[in-house]
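Here is the structure we will look at, set down as structure tokens.
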Amino acid sequence: MLSSCRRIIALMAVAALGVSCVSAAESATSAGEPNEGDPSKASLRLAIDDLAASDGQKCPAKKFLARLDSIEPAEMEAFRREALLANKLVSGRPLLFVVRRQYRSDHHNTATMFQTGEINTASFEGGGAIKTLDVATGGVRTLLHVPEGIARDPDVRFDGKKILFSMRRDRQDDYHLYEMNADGSDLTQLTFGSELTDIDPIYLPDGRILFTSTREPKYCMCNRHIMGNLFTMNADGSNIQQIGHSTLHEGHAALLPDGRVIYDRWEYVDRNFGDAQGVWVTNPDGTNHAVYWGNNTNSPGAVLDARAIPDTEQFIATFSSCHDRPWGALAIVDRRLGLDGREPVIRTWPASAIGLVGKGNYDTFVACNPKYEDPYPLSETYFLCSRMTGAGEQMGIYLLDLFGNEIQVHAEEPGCFDPMPLGPRQRPPVIPSRVDLAKGEGSFRVENVYLGSGMERVARGSVKYLRVVESPEKRFWTTPAWDGGTGQQAPGMAWDDFNNKRILGTVPVEDDGSVEFSVPADTFVYFQLLDEKGMMVQSMRSGTIVRPGEAIGCVGCHEDRRTAGQVEYTSRGRHREPRKLQPWYGEPRLFSYTTEVQPAFDKHCVGCHDYGQEAGVKLNLAGDLGFVFNTSYVQLRSKGWVHVVGAGPTQVQMPMTWGSHASPLTKVLLQGHGQAEIDEKVDLDPESLDRIVTWIDINAPYYPTYAGGAYGDNPYGRSPLTGAELDRLSELVGGKVNNRLFPDASFNRPELSPCLAALRAGEPSKYQEALTLVRLGMERLRQTARPDMPGFQLADSEEVYKEERYQKRLEQENLMRAAIARGELLLLKPNSEQVEHE
């Protein structure tokens with residue numbers, strides 16, 4: 001038997017060298033054990049020794065040790081299975097698992113809902129069950145059979161007597177939450193509603209339930225798929241409230257031993273769509289959302305199903321890809337070694353997958369083979385999971401250990417998922433709620449803005465303001481898309497970014513670098529530091545929220561959360577009352593380039609920088625509307641006059657490396673053209689300068705909304721000309737006009753359209769036909785505005801429906817919150833979306 005110390009040494013050696021049997025044998029030798037020359041026996045001997053060292057395992061383990069040396073190679077795998085499955089962590093109680101088909105391949109690892117009425121509803125494939133396995137006997141029992149549907153995401157109540165799960169009975173149904181007894185009896189539906197999805201439920205320590213839901217409908221910014229957020233409710237389904245508000249998806253929640261919730265989160269602010277899918281943590285009331293691991297790691301593209309490993313400070317998770325099923329490698333991560341990258345990843349299954357961490361891009365882990373998912377730690381050494389069996393995409397239940405053993409516990413068609421013990425488990429402590437739903441605001445405090453990544457380069461006292469910007473959710477989508485070079489925008493939103501923005505206001509930073517301010521509750525926001533000119537010094541490229549009545553603080557900007565975690569403040573502990581945000585030229589509104597920025601160019605620049613002007617050849621700042629954007633926007637972005645991060649890289653960007661401080665346009669605005677006869681005519685007023693600089697610093701957005709309006713079915717979801725009309729225009733002008741680098745049109749002054757320039761002199765008949773097409777687009781825009789024009793209104797019936805549905809969900813949420821604040825219970829009535837008081 002290994003001593004405790006020697007056991008730790010052996011585990012460390014195996015973890016360092018990988019999971020193969022050869023590595024296990026080598027690690028046994030390094031730990032002082034004899035190497036029999038049979039790596040298969042070496043890994044098994046380590047596991048049996050470990051079992052023998054555990055309470056209640058000595059007699060079975062000694063029996064297997066006595067037989068080990070006499071086992072012939074042909075009998076080895078059967079003996080290995082017999083020995084390891086005698087582990088009481090596995091055989092001491094039934095194993096609960098789900099039977100279903102593997103989800104169809106789709107756009108993203110979050111896209112497994114296939115909700116009714118959405119773009120991928122037809123991808124739903126039914127036929128499933130919830131079952132239990134008696135490992136000792138091999139007996140399988142069906143608790144629930146869903147012949148045309150799927151039951152998924154089970155969670156066992158702490159006393160082991162109830163099972164919580166999500167179920168969809170058929171393609172016409174949607175996922176709702178259910179509960180049943182551990183023997184399959186007393187099936188009870190807990191949530192209701194149409195065209196919504198409730199998945200990934202877990203029991204909370206205080207008896208409530210947390211789950212992911214699409215009840216606030218929003219869509220993937222780089223595509224068209226429905227996304228979900230975290231919600232909580234009482235055990236009977238009453239008092240549903242939203243506790244997560246990231247702009248994309250929050251899912252696969254699990255409890256930490258201290259009672260907090262870890263979950264995988266997909267969101268990005270000025271980030272690439274595939275590089276911002278890490279693990280986050282929150283309190284069960286939704287306070288103190290914070291990065292847990294992997295938010296700035298390029299590969300894996302998604303970190304899913306994270307669960308804390310008992311008696312350690314590590315977690316195990318699925319390392320997946322952006323464009324794949326929710327499978328990949330399994331990995332053990334130690335956050336004490338870092339919050340990103342390769343170093344904190346101390347082990348993977350398969351062993352070779354550790355070489356994929358930090359390599360390539362968000363889809364690197366597609367290459368992982370075999371693939372694993374649904375990890376469930378039984379101890380610090382043993383883990384259940386789903387794993388490819390070798391029969392196509394079929395998944396079976398496997399037992400893994402840190403010694404290099406992988407044992408198939410059970411497999412059946414079409415596949416087995418979500419294995420976990422069915423029995424009592426330890427209940428984490430209850431974290432009291434700090435939310436006051438009667439309030440509409442919360443507050444943030446930054447202790448010192450000069451602490452953080454690269455902020456040591458910034459002179460003390462140079463940061464004068466903090467700006468709060470909202471990154472709103474996407475509530476609409478179009479079928480045609482704009483390819484901004486960093487992923488699809490459906491519809492087009494900006495030259496190379498997916499986000500729209502809303503400036504909520506600014507507050508002054510104190511001389512000591514601290515700042516405390518109020519923010520509307522449950523609003524997805526990010527912060528920017530500004531200098532005395534109002535120019536951005538540093539910017540967050542992720543988002544956060546504050547719950548109603550919550551007061552939360554951080555040590556600095558991009559602080560190292562391993563050494564300086566978030567600080568929670570009470571009103572007694574504050575240095576001063578939170579400041580109110582000072583608005584930016586009026587009430588907060590969705591930022592529109594044509595409304596907020598173009599007027600400054602019209603006033604000061606277009607007199608020279610226009611079509612037909614010498615300066616306009618170098619840079620045309622006219623406001624003429626084009627296929628997707630207007631002239632000045634295309635010119636500034638395509639010719640490099642503004643340097644913004646766009647849908648930028650994974651890595652944290654250093655202060656003043658992008659935005660107004662790094663943009664050539666800003667240099668001209670501040671220092672002039674270098675020609676006295678020009679500069680003496682230009683008197684750029686402070687507000688115009690601030691509007692232009694602010695636009696650059698919030699990453700140069702263009703459209704205020706994702707709605708396509710009357711043009712949602714046309715190219716880019718924006719063009720006033722149809723696809724067929726654009727194709728004909730392309731034929732006439734001799735180039736593909738739906739290429740973003742091709743000369744644009746002017747739908748204000750068609751005769752000046754750059755795309756027609758080559759036809760004007762030599763081919764009059766083609767020119768007239770092409771001009772007629774551009775004039776047709778102009779007339780359509782005059783009759784029906786698109787979102788970058790005054791007077792825009794929702795015109796598409798599907799978008800009108802989506803907006804009405806969104807507003808109805810918000811009304812329900814407000815009713816729920818008001819009832820909770822009054823101490824009442826509200827339940828959604830079965831088969832309806834109405835609420836009733838109790």
Quick one: in the range 727-763, of everything that is open to solvent by 70 Å² or more (accessible area, probe 1.4 Å), part of a helix (DSSP H, G or I) and modelled with pLDDT under 85, which residue is farthest from ARG780 (Cα to Cα)?
ALA761
Filtering the range 545-559 down to residues that are under 20 Å from VAL463 (Cα atoms) and either part of a loop (DSSP other than H, G, I, E, B) or in contact with a Pro (Cβ under 8 Å, 6 or more places away or on another chain) (or both), which residue is modelled with the lowest pLDDT?
GLU559
One residue from LEU669, LEU665 being open to solvent by 20 Å² or more (accessible area, probe 1.4 Å), of a type outside the set (Ser, Thr, Tyr) and more than 26 Å from ALA481 (Cα to Cα)
LEU669
Within the range 626-634, does at least one residue satisfy the condition of being in a helix (DSSP H, G or I), open to solvent by less than 10 Å² (accessible area, probe 1.4 Å), touching a Gly at 6+ places or on another chain (Cβ under 9 Å) and not hydrophobic (A, V, I, L, M, F, W, C)?
yes
Enumeration of residues in the range 215-237 that are more than 14 Å from the chain's Cα centre (by Cα) and either at pLDDT below 95 or open to solvent by 10 Å² or more (accessible area, probe 1.4 Å) (or both)
ARG215, GLU216, PRO217, ARG224, ASN234, ALA235, ASP236
Expected single match for of a type in the set (D, E, K, R) and more than 20 Å from the chain's Cα centre (by Cα) among LYS501, LYS474, LYS533 is LYS533
Mind checking which residues of the range 639-668 are at pLDDT 95 or above, in contact with a helix residue (DSSP H, G or I) (Cβ under 8 Å, 6 or more places away or on another chain) and on the phi < 0 side of the Ramachandran plot?
TRP641, VAL642, HIS643, VAL644, SER660, SER663, LEU665, THR666
Give the residue that is least open to solvent (accessible area, probe 1.4 Å), with candidates limited to residues of the range 294-306 that are over 15 Å from ARG347 (Cα atoms) and at pLDDT 95 or above.
LEU304
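From ARG80, ARG93, ARG101, ARG67, which residue is surrounded by 19 or more Cβ atoms within 10 Å (Cβ to Cβ) and among the charged types (D, E, K, R)?
Result of the check over ARG80, ARG93, ARG101, ARG67: ARG80.
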Go through (1) farther than 21 Å from CYS416 by Cα; (2) acidic (Asp, Glu); (3) at pLDDT below 90 and name the single condition GLU118 misses.
(3)
State all residues of the range 689-710 that are open to solvent by less than 10 Å² (accessible area, probe 1.4 Å) and among the hydroxyl-bearing types (Ser, Thr, Tyr); if no residue qualifies, say none.
THR694, TYR702, TYR703, TYR706
State yes or no: is LEU621 crowded, with 23+ Cβ neighbours inside 10 Å, in contact with a His (Cβ under 6 Å, 6 or more places away or on another chain), closer than 29 Å to GLY505 by Cα and among the aliphatic types (A, V, I, L, M)?
yes
Can you confirm whether the range 488-504 contains a residue that is more than 22 Å from THR694 (Cα to Cα) and assigned to a strand (DSSP E or B)?
yes
Filter the range 572-595 down to the residues that are open to solvent by 70 Å² or more (accessible area, probe 1.4 Å) and part of a strand (DSSP E or B), then identify the one that is modelled with the lowest pLDDT.
ARG579
Based on this model, can you work out whether THR212 counts as surrounded by fewer than 23 Cβ atoms within 10 Å (Cβ to Cβ) and not charged (D, E, K, R)?
no
I'm trying to understand the selection: among the residues of the range 341-362, which are open to solvent by less than 40 Å² (accessible area, probe 1.4 Å), assigned to a loop (DSSP other than H, G, I, E, B) and out of contact with any helix residue (DSSP H, G or I) (no Cβ under 6 Å at 6 or more places or on another chain)?
GLY341, PRO350, VAL357, GLY358
Could you list, in sequence order, the residues of the range 764-801 that are open to solvent by less than 20 Å² (accessible area, probe 1.4 Å), in a helix (DSSP H, G or I) and over 10 Å from PRO720 (Cβ atoms)?
ALA770, LEU771, GLU799
In this structure, is SER462 closer than 19 Å to PRO655 by Cα, open to solvent by 10 Å² or more (accessible area, probe 1.4 Å) and not acidic (Asp, Glu)?
yes
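The values are calculated or read from the model by the stated rules, or taken from the named source; none is laboratory data. Quick caveat, the model's predicted, so the values are computed rather than measured. Ideal geometry is used to build each Cβ from the backbone, glycine not excepted, and the neighbour counts take in all protein chains shown. When the accessible area is computed, the model is the full protein with side chains, heavy atoms only, and any ligands, DNA or RNA have been set aside. Shrake-Rupley method; radii C 1.70, N 1.55, O 1.52, S 1.80 Å.
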